[in-house]
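**Q** Dumping the structure here so I can ask a few things about it.
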Amino acid sequence: MLVRLMYASRAVPAVDQEELVAILRKSKANNPKAGVTGVLCFSEGIFMQVLEGGRTAVNQLYNRIAADARHSDVVLLHYEEIAERRFAGWSMGQVNMARLNPALLLKYSECARLDPFAVSGKVSMALFDELVATAAVMGQG
Ligand SMILES: Cc1cc2nc3c(=O)[nH]c(=O)nc-3n(C[C@H](O)[C@H](O)[C@H](O)COP(=O)(O)O)c2cc1C
């Protein structure tokens, strides 16, 4: 039984590039053991993350992440049972914001800013899919 979950949150001001690297390192160490794959996006103080895997593993990880003091305003954007993974290649990939085309943001929102709090979960999911399709994800494995 596989599920896909997506949430957004606001990073606390102390979160910088170093902290992001630490989160990714921890994710890459933990997620394979739990059978979890996914992608993390961090831009202008906002996190967006997709987690895929067994229902119990994903739900447990989401609860742990939601309790993490490095972010707040955690909002569940999307949750579904799935037949197959979309992000199977990444224990936790990172969206390369340098490769983010502003036109892609404009395609789905009123202005060229990543703001999952202002758009539907469906739109955020569609944006993620395009990011992966355009290879703007780094950190293989
Ligand atoms: C935005 C964000 C995303 C995170 N993603 C993951 C993740 O994918 N996997 C993971 O194990 N921990 C993730 N964490 C860290 C967890 O909240 C928690 O600190 C960690 O899982 C604890 O692992 P440990 O018990 O091995 O120390 C994330 C934290 C934040 C703030």
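**Q** Is it the case that Gly45 is closer than 17 Å to Val95 by Cα, without any contact (Cβ under 8 Å) to a residue 60 or more places away in the chain and touching a helix residue (DSSP H, G or I) at 6+ places or on another chain (Cβ under 9 Å)?
**A** Criteria not met by Gly45.
**Q** Quick one: which of Arg64, Arg85, Arg70 is under 21 Å from Glu52 (Cβ atoms) and in contact with an Asp or Glu (Cβ under 7 Å, 6 or more places away or on another chain)? Working first, answer last.
**A** Working: Arg64 fails: in contact with an Asp or Glu (Cβ under 7 Å, 6 or more places away or on another chain); Arg70 fails: under 21 Å from Glu52 (Cβ atoms).
Only one candidate passes the filter, namely Arg85.
**Q** Limited to the range 73-93, what total is found for residues that are open to solvent by less than 50 Å² (accessible area, probe 1.4 Å) and not in a strand (DSSP E or B)?
**A** Residues flagged as open to solvent by less than 50 Å² (accessible area, probe 1.4 Å) and not in a strand (DSSP E or B) within the range 73-93 amount to 5.
**Q** With respect to Glu80, is the statement that it is over 21 Å from Val137 (Cα atoms) and either aromatic (Phe, Trp, Tyr) or more than 10 Å from the ligand (Cβ to nearest atom) (or both) true?
**A** Numbers: over 21 Å from Val137 (Cα atoms): yes; either aromatic (Phe, Trp, Tyr) or more than 10 Å from the ligand (Cβ to nearest atom) (or both): yes.
The answer is yes for Glu80.
**Q** So, one more: In the range 94-129, what residues are outside any loop (DSSP other than H, G, I, E, B), free of Cβ contacts under 8 Å to residues at least 60 places away in the same chain and farther than 19 Å from Glu44 by Cβ?
**A** Lys122, Ala126, Asp129
**Q** Would it be correct to say that Arg70 is touching a residue at least 40 places away in the same chain (Cβ under 8 Å), open to solvent by 40 Å² or more (accessible area, probe 1.4 Å), among the charged types (D, E, K, R) and near the ligand (Cβ under 8 Å from one of its atoms)?
**A** It is true that Arg70 is touching a residue at least 40 places away in the same chain (Cβ under 8 Å), open to solvent by 40 Å² or more (accessible area, probe 1.4 Å), among the charged types (D, E, K, R) and near the ligand (Cβ under 8 Å from one of its atoms).
**Q** Determine the pairs where a residue that is aliphatic (A, V, I, L, M) and in a helix (DSSP H, G or I), located within the range 25-38, has a partner that is open to solvent by less than 50 Å² (accessible area, probe 1.4 Å) and near the ligand (Cβ under 7 Å from one of its atoms) with Cβ atoms under 7 Å apart, the partner being 6 or more residues away or on another chain.
**A** Correct list of pairs: Ala34/Leu61.
The values are calculated or read from the model by the stated rules, or taken from the named source; none is laboratory data. It should be emphasised that the depicted structure is a prediction, and the values quoted were computed from it without experimental measurement. Every residue, glycine among them, receives a Cβ derived from its backbone with ideal geometry; neighbour counts consider all protein chains shown. Ligands, DNA and RNA are excluded from the accessible area calculation, which covers all protein heavy atoms including side chains. Shrake-Rupley method; radii C 1.70, N 1.55, O 1.52, S 1.80 Å.
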